[in-house]
Amino acid sequence: MVVASATPKRSERLEAIQLPIVDLSGERSQISNLIVKACRDYGFFKVINHGVHEDIIARMEEESFNFFAKPVNEKQQAGPANPFGYGCKNIGFNGDMGEVEYLLLHTNPLAIAQGSKSISNDTSKFRSAVSCYIEAVRDLACEILDLMADGLWVHDKSLFSNLIRDLDNDSFFRLNHYPSLLLCKDNHNNNQIGFGEHSDPQILTVLRSNNVGGLQISVEDGVWIPVSPDPTAFCVNVGDLLQAMTNGRFVSVRHRAMSNSCKSRMSMAFFAGPPLHAKIMAPPEMVTAKEPSLYEPFTWAEYKNTAFSLRLGESRLNLFRKCTNNDREEA
Ligand code: GA4
């Protein structure tokens, strides 16, 4: 595992962080421990030897590339994003903007079949590429969630993964294109915000990007650390729901994506979400006398409604925090 060096007190760091790297071909108990440590320290890690076939990734990337290369008026036939469909610059419903264009899809098969019609001229090719990719990354997400449960000594090893294996799971798939800007001067990265600061509301995110940097994470308030790109790995991050289910042991870390003025960046993110009616609460193993439960139980539907009604960077999980004695004393 490679660990990041101490963070200087500056608002931006120019050198990229080496996130913890988890080799999934390693020994199981060692891997679970590495994952747990990474999720506590950074909320982010990379996985290599993940078992997702290169072909599956290449096919999906090609479809994504073909879509974004289309003329604007054709892309707009798949929009506007509400939240699903093609979006350009507008993010969510509350006026957030960024230098990004994207396709957001729900991952249920019917939604993919419906959505594909306005996205590709070869609907069945697009549909097949998306279905294979989603199946593969969902399996990967489940394997990682089982390893997490193991590493946390949660008795039911499938507690987390069952939520996203459920037929009614509410997982999303997002293709992002951060176009290169017209300003490219002497190869200097005149970066602009592509996708503004936020944490992911779901359980887990599995992200893959081409070889262009742009992802930055905030391990400390106001300090942005670039993550080096690595197309051979998947970047995995903890979502808000997993922070709640681990009673705050794992951190759902704020991140953002910058668009690079010289090279265009493409990324593909799978957001693993539970069924809308799923009750989100920490299992008994995560709650002790020393670490009492931090959050009120809530359903994903309740949380999602709150998350989607706020601005991108607004804190959401805090709204579900229990009132502690400290809070009472402070009030
Ligand atoms: C962030 C993670 C995912 O991309 C996403 C985003 C969603 C959207 O683009 O519609 C949100 C954002 C994300 C969180 C706050 C709300 C909702 C935009 C926004 C302002 C698809 C998701 O699930 O939440």
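The values are calculated or read from the model by the stated rules, or taken from the named source; none is laboratory data. Small disclaimer: the values here were computed from a predicted structure and weren't measured. Counting neighbours? That spans all protein chains shown, and the Cβs are built from the backbone with ideal geometry, glycine included.
Numerical summary
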read-out	value
Residue within the range 164-177 that is outside any loop (DSSP other than H, G, I, E, B), farther than 18 Å from Phe234 by Cα and free of Cβ contacts under 8 Å to residues at least 12 places away in the same chain present	no
Pairs, first assigned to a strand (DSSP E or B) in the range 95-107, second among the acidic types (Asp, Glu), C-beta under 9 Å, six or more apart	His106/Asp170
Residue within the range 111-134 that is in a loop (DSSP other than H, G, I, E, B), of a type in the set (Ser, Thr, Tyr) and surrounded by 19 or more Cβ atoms within 10 Å (Cβ to Cβ) present	yes
Spans of helices (runs of 4 or more DSSP H) in the range 214-331 with at least 3 residues within 16 Å of the ligand (Cβ to nearest atom), of a type in the set (A, V, I, L, M, F, W, C) and touching a residue at least 60 places away in the same chain (Cβ under 8 Å)	240-245, 300-309
Tally of residues being within 16 Å of the ligand (Cβ to nearest atom) and of a type outside the set (Lys, Arg) across the range 122-178	15
Among (1) under 18 Å from Arg208 (Cα atoms); (2) of a type in the set (Asp, Glu); (3) free of Cβ contacts under 8 Å to residues at least 24 places away in the same chain, the one test that Asp122 misses	(1)
Filter result for the condition that a residue is out of contact with any helix residue (DSSP H, G or I) (no Cβ under 8 Å at 6 or more places or on another chain) and of a type in the set (A, V, I, L, M), over Leu167, Leu175, Leu152	Leu167
Scope the range 46-104; condition away from the ligand (no atom under 16 Å from the Cβ), among the small types (Gly, Ala, Ser) and closer than 30 Å to Ile21 by Cβ; matching residues	Gly51, Ala58
Out of Asn237, Asn305, sole residue that is under 14 Å from the mean Cα position of the chain (by Cα), modelled with pLDDT of 95 or more, within 22 Å of Leu103 (Cα to Cα) and not hydrophobic (A, V, I, L, M, F, W, C)	Asn237
Val47 vs. criteria surrounded by 22 or more Cβ atoms within 10 Å (Cβ to Cβ) and part of a strand (DSSP E or B)	yes
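Here is a yes/no grid of residues against (1) of a type outside the set (A, V, I, L, M, F, W, C); (2) in contact with a Ser or Thr (Cβ under 9 Å, 6 or more places away or on another chain):
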{"residue": "Gly92", "(1), (2)": "yes, no"}
{"residue": "Asp96", "(1), (2)": "yes, no"}
{"residue": "Leu103", "(1), (2)": "no, yes"}
{"residue": "Asn108", "(1), (2)": "yes, yes"}
{"residue": "Asn121", "(1), (2)": "yes, no"}
{"residue": "Met148", "(1), (2)": "no, yes"}
